[in-house]
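Read the structure below first, then the notes.
The values are calculated or read from the model by the stated rules, or taken from the named source; none is laboratory data. Bear in mind the structure is a predicted one, so any value in this text is a computation, not a measurement. With ideal geometry, Cβ positions are generated from the backbone for all residues, glycine too; neighbour counts draw on all protein chains shown.
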């Protein structure tokens with residue numbers, strides 16, 4: 001999303017952006033991985049590159065088969081044998097790569113030997129890169145590491161374990177607590193998945209769903225029955241097929257009636273800060289959203305706010321990803337937004353007192369428990385006001401709020417204040433909170449910000465009956 005916002009800001013079209021992504025994938029192996037937030041309540045599946053800089057209690061590395069990981073197989077990015085690869089001399093990192101000078105070869109034999117030597121060096125470099133990647137994967141685990149391979153992959157024949165897997169297997173005896181979880185014998189014949197492939201549909205097409213769709217199609221092309229007609233036919237019909245169909249129709253009617261009746265909506269175990277604002281502003285509307293989620297659109301106000309935040313991050317020399325919540329959280333504020341041009345927002349902020357102050361942190365991501373609910377968010381900026389006092393600040397690109405609107409919005413600051421207190425072990429009374437409305441150059445510090453117990457009380461508004 002960060003790259004998309006930057007591309008759009010520079011006037012790029014969707015078509016050009018997709019072309020750029022394809023070139024980045026083909027030439028550079030994709031974009032730079034985004035920063036990963038470590039989750040303690042979920043299993044995270046990600047690439048080793050994306051895992052750099054983070055740690056988990058337990059890490060599993062699957063697919064340690066020959067030519068898979070380490071990936072030293074037939075497909076090579078050696079530019080001499082692969083026309084799709086860039087020559088070393090044209091690469092920005094050429095000084096760290098093996099090189100070959102064809103002017104040094106006077107005979108075909110010398111040329112052949114030189115190419116073979118270069119290819120060997122290239123393979124060695126590739127192997128070293130893969131081992132460095134393996135080191136990154138291994139060192140992500142704080143307590144336990146699980147390494148696996150399989151006898152078969154996508155081909156017909158069995159594949160041996162990679163040398164990396166063998167390295168782990170040979171080291172088991174010297175690792176405290178190391179053990180073999182499973183060691184299956186290689187089956188005879190070709191890959192069992194080739195002879196008896198296992199297929200499935202996703203989403204699952206259950207018999208019940210298929211039957212309901214068939215019944216729904218019948219209903220759509222039929223003349224509607226009155227309630228009395230349905231009851232009369234059910235009582236009088238002896239035809240098995242009709243009875244079955246009408247029974248299904250009765251089930252559909254019951255389902256519709258149950259949906260229209262009162263239901264208890266339970267709060268998810270993970271929430272964004274913006275969801276707390278919905279909860280405080282309109283619990284019934286939030287309950288409806290939870291029962292039947294609908295996609296939001298990114299309006300021009302949210303996009304302008306995103307552009308301003310990206311510019312401000314560059315100003316602080318701390319670029320990061322704009323969260324999905326920041327992009328889509330516009331329903332509560334669109335009526336209070338004003339469409340100020342980006343340059344006007346920039347000039348207004350540069351003319352404020354905040355432009356002359358240095359934050360101690362920007363774009364601070366957090367995950368904080370409120371009772372049994374995990375709240376996730378990102379603080380725009382944190383300033384140190386005195387030796388032991390801090391202030392969390394949220395930049396606002398819309399109009400200044402007051403009254404009930406400000407009181408609701410202040411829940412965001414309450415959450416930021418509590419999160420930073422827990423994150424940095426700072427007494428919460430030593431942390432203040434403020435909104436800075438950029439275009440009006442006005443900083444608002446709401447009074448009576450909710451404390452932790454009041455935030456717990458807010459979360460306890462769910463379940464809601466709708």
Residue in the range 166-179 that is farther than 24 Å from residue 54 by Cβ, assigned by TED's automatic domain parsing to the domain that holds residue 97, surrounded by 12 or more Cβ atoms within 10 Å (Cβ to Cβ) and within 29 Å of the chain's Cα centre (by Cα) present: no
Test set (1) touching a residue at least 40 places away in the same chain (Cβ under 8 Å); (2) over 22 Å from residue 161 (Cβ atoms); (3) outside any strand (DSSP E or B) - residue 68 fails condition number: (2)
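Residues are listed down the side, and each one gets a yes or a no for (1) within 30 Å of residue 366 (Cβ to Cβ); (2) assigned to a loop (DSSP other than H, G, I, E, B); (3) at pLDDT below 65; (4) under 38 Å from the mean Cα position of the chain (by Cα):
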{"residue": "188", "(1), (2), (3), (4)": "no, yes, no, no"}
{"residue": "209", "(1), (2), (3), (4)": "no, no, no, yes"}
{"residue": "233", "(1), (2), (3), (4)": "no, no, yes, no"}
{"residue": "243", "(1), (2), (3), (4)": "no, no, yes, no"}
{"residue": "267", "(1), (2), (3), (4)": "yes, yes, no, yes"}
{"residue": "276", "(1), (2), (3), (4)": "yes, no, no, yes"}
{"residue": "285", "(1), (2), (3), (4)": "yes, no, no, yes"}
{"residue": "290", "(1), (2), (3), (4)": "yes, no, no, yes"}
Top-ranked residue of the range 83-119 - restricted to ones that are part of a loop (DSSP other than H, G, I, E, B) and touching a helix residue (DSSP H, G or I) at 6+ places or on another chain (Cβ under 8 Å), ranked as surrounded by the fewest Cβ atoms within 10 Å (Cβ to Cβ): 84
Top-ranked residue in the range 190-207 [being surrounded by 10 or more Cβ atoms within 10 Å (Cβ to Cβ) and modelled with pLDDT under 75; ranked as nearest to the chain's Cα centre (by Cα)]: 205
Residue 390 being in contact with a helix residue (DSSP H, G or I) (Cβ under 7 Å, 6 or more places away or on another chain), under 24 Å from residue 314 (Cβ atoms) and outside any loop (DSSP other than H, G, I, E, B): yes
Any hit, the range 53-60, residues being at pLDDT below 75, out of contact with any strand residue (DSSP E or B) (no Cβ under 9 Å at 6 or more places or on another chain) and not assigned by TED's automatic domain parsing to the domain that holds residue 305: yes
Matching residues in the range 134-154 - criterion: being closer than 14 Å to residue 167 by Cβ and not in a loop (DSSP other than H, G, I, E, B): 134, 135, 137, 138, 145, 147
Residue, nearest to the chain's Cα centre (by Cα), within the range 24-45, restricted to residues that are at pLDDT 75 or above and exposed (fewer than 12 other Cβ atoms within 10 Å of the Cβ): 45
Residues located in the range 46-65, provided they are more than 27 Å from residue 369 (Cα to Cα) and either within 17 Å of the chain's Cα centre (by Cα) or in a loop (DSSP other than H, G, I, E, B) (or both): 47, 48, 49, 62, 63, 64
Selection count where residues are under 22 Å from residue 306 (Cα atoms) and not in a strand (DSSP E or B), scope the range 361-387: 0
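So that you can scan it fast, the table gives a plain yes or no per residue for (1) modelled with pLDDT of 90 or more; (2) in the same structural domain as residue 315 (by TED's automatic domain parsing); (3) surrounded by fewer than 17 Cβ atoms within 10 Å (Cβ to Cβ):
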position: 382; (1), (2), (3): yes, yes, no
position: 398; (1), (2), (3): no, yes, no
position: 402; (1), (2), (3): no, yes, yes
position: 411; (1), (2), (3): yes, yes, no
position: 415; (1), (2), (3): yes, yes, no
position: 422; (1), (2), (3): yes, yes, yes
position: 429; (1), (2), (3): yes, yes, yes
position: 436; (1), (2), (3): yes, yes, no
